[in-house]
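Participant: My questions all concern the structure below.
The values are calculated or read from the model by the stated rules, or taken from the named source; none is laboratory data. Remember, it's a predicted structure, so these values are computed and weren't measured experimentally. Backbone-built Cβ (ideal geometry, glycine too); neighbour counts: all protein chains shown.
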Amino acid sequence: MLIRFSLFLIFLSLPLFLFVLTIKLAVLMLLFAFGLLFFLGVISVLKRCFHVFGAYFSVQARENRKVLFVLNQRQRHQKMLHFKRLQLNYFKELEREKLLKKNNQAHINALAQAIERDLHRHKQKLPKTLFLQFQRENQLFRRQQNQQALLELHAKLSTFVNG
Amino acid sequence: MAKIMFKDFLLNIINTIHTLKTENLNWKRTNQEQEAQVKQNRVLAEKALISELKKRSRQLKHELTLLQTQHDAELLMFKTKCKQDVKDYKQYLASLDQLKHSIQSSYTHLPEAVAFTIHHHAKYLLNEMWETTNFEEKMQREIQLIRFMSTVHEDARLYLEGKTKEVLPERTLKFIEKR
């Protein structure tokens, strides 16, 4: 009786069991397929990397890079020469301007001193306010290093003194 | 029936594979020499290219060393030239100062403003000459400056020798006015 009942139960559950088994098998196969795909992808990427590295470090590529490096160095040297010349020229001009400025300063000072001497020489002929004004202007133009203004001041003083 | 058909189908496939393999083997056997030749040629070409590249690299390195030496020498020369230029300019300024001093010592009553103007004009000519890049133009400016300086010296000399009674160096001032 018990055996019959068991057989009956098995008969009832067999389709369900087969259904579950099919699904599990399908999932497993799908997983296996994806795994295989992934594995093949990794293998192909690794092969490609190996090939690229091999090509990069091959003797031919290395020699080619050496040639390009030397050519690049040559170009750099030529550019450097040009810029170094420019730099030297710039410093030369700077030095020259310094010399010129110093010279201009010395002569402007000499002119201002001469005006000062003339002012003192003709102090009696000049009204006191004008004398002081000329003196102030002379000092101001000397400080400003304004040679044109100093020359005009000198001319003004000469005109005033000589009538 | 289906079973027999399936079996025939499988046998056909296996036969096709075997035929293909045999054909491939035959082709390889026939073209073995040619294939080996092609491979050898490729290896030889690669080796030739590599040796050519090595040679070129060595040659370029040598050229680079020469270029570097040449550039160093050129720079050194340029540096010396720059130094000499500055020195020349300094000497020019000193000779212009001397010019001013000479005219002042000849014309004792010469106003400082006139001496200043003469000196300033000489300096203007000097700078004009210095800043010109064209060689011919530079020469012309130099000639102009020298002519101006000689006019000033001539004026001073004439005044000292008593050949002129003018209070001011008229020839020099005329020269400036012309400009």
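Participant: Right, A:Leu130: assigned to a helix (DSSP H, G or I), touching a residue at least 12 places away in the same chain (Cβ under 8 Å) and more than 9 Å from every other protein chain (Cβ to nearest Cβ) or not?
Facilitator: On the way: assigned to a helix (DSSP H, G or I): yes; touching a residue at least 12 places away in the same chain (Cβ under 8 Å): yes; more than 9 Å from every other protein chain (Cβ to nearest Cβ): yes.
Against the criterion (assigned to a helix (DSSP H, G or I), touching a residue at least 12 places away in the same chain (Cβ under 8 Å) and more than 9 Å from every other protein chain (Cβ to nearest Cβ)), A:Leu130 qualifies.
Participant: Continuing with this model, one more query. Determine, yes or no, whether B:Glu154 is of a type in the set (Asp, Glu) and within 14 Å of B:Gln104 (Cα to Cα).
Facilitator: It is true that B:Glu154 is of a type in the set (Asp, Glu) and within 14 Å of B:Gln104 (Cα to Cα).
Participant: Looking only at region A:33-60, how many residues end up being among the polar types (S, T, N, Q) and under 30 Å from B:His62 (Cβ atoms)?
Facilitator: 2
Participant: Restrict the check to region A:61-75 and report whether at least one residue is at the interface with chain B (Cβ under 7 Å from one of its Cβ atoms), under 30 Å from B:Arg58 (Cα atoms) and acidic (Asp, Glu).
Facilitator: Yes, because at least one residue in region A:61-75 is at the interface with chain B (Cβ under 7 Å from one of its Cβ atoms), under 30 Å from B:Arg58 (Cα atoms) and acidic (Asp, Glu).
For every residue, the table says whether it meets (1) closer than 21 Å to A:Lys101 by Cα; (2) out of contact with any helix residue (DSSP H, G or I) (no Cβ under 6 Å at 6 or more places or on another chain).
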| residue | (1), (2) |
| --- | --- |
| A:His120 | no, yes |
| A:Lys128 | no, yes |
| A:Leu132 | no, yes |
| A:Arg136 | no, yes |
| A:Gln139 | yes, yes |
| A:Gln144 | yes, yes |
| A:Ala149 | yes, no |
| A:His154 | no, no |
| A:Phe160 | no, yes |
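Participant: Of all residues in region B:160-179, which are touching a residue at least 24 places away in the same chain (Cβ under 8 Å) and over 48 Å from the mean Cα position of the chain (by Cα)?
Facilitator: Correct list: B:Leu160, B:Val167, B:Leu168.
Participant: Ok, one more. Tally time: how many residues in region B:38-93 are more than 30 Å from A:Gln75 (Cβ to Cβ) and at the interface with another protein chain (Cβ under 9 Å from one of its Cβ atoms)?
Facilitator: 4
Participant: Just checking, which of A:Glu152, A:Glu116, A:Glu93, A:Glu97 is of a type in the set (Asp, Glu), within 30 Å of B:Lys79 (Cα to Cα), surrounded by 14 or more Cβ atoms within 10 Å (Cβ to Cβ) and within 11 Å of another protein chain (Cβ to nearest Cβ)?
Facilitator: A:Glu93
Participant: In region A:88-125, how many are over 21 Å from B:His120 (Cα atoms), charged (D, E, K, R) and at pLDDT 95 or above?
Facilitator: Looking only at that region, the number is 1.
Participant: Among the residues of region B:105-130, how many are at pLDDT 90 or above and farther than 19 Å from A:Leu150 by Cα?
Facilitator: 6
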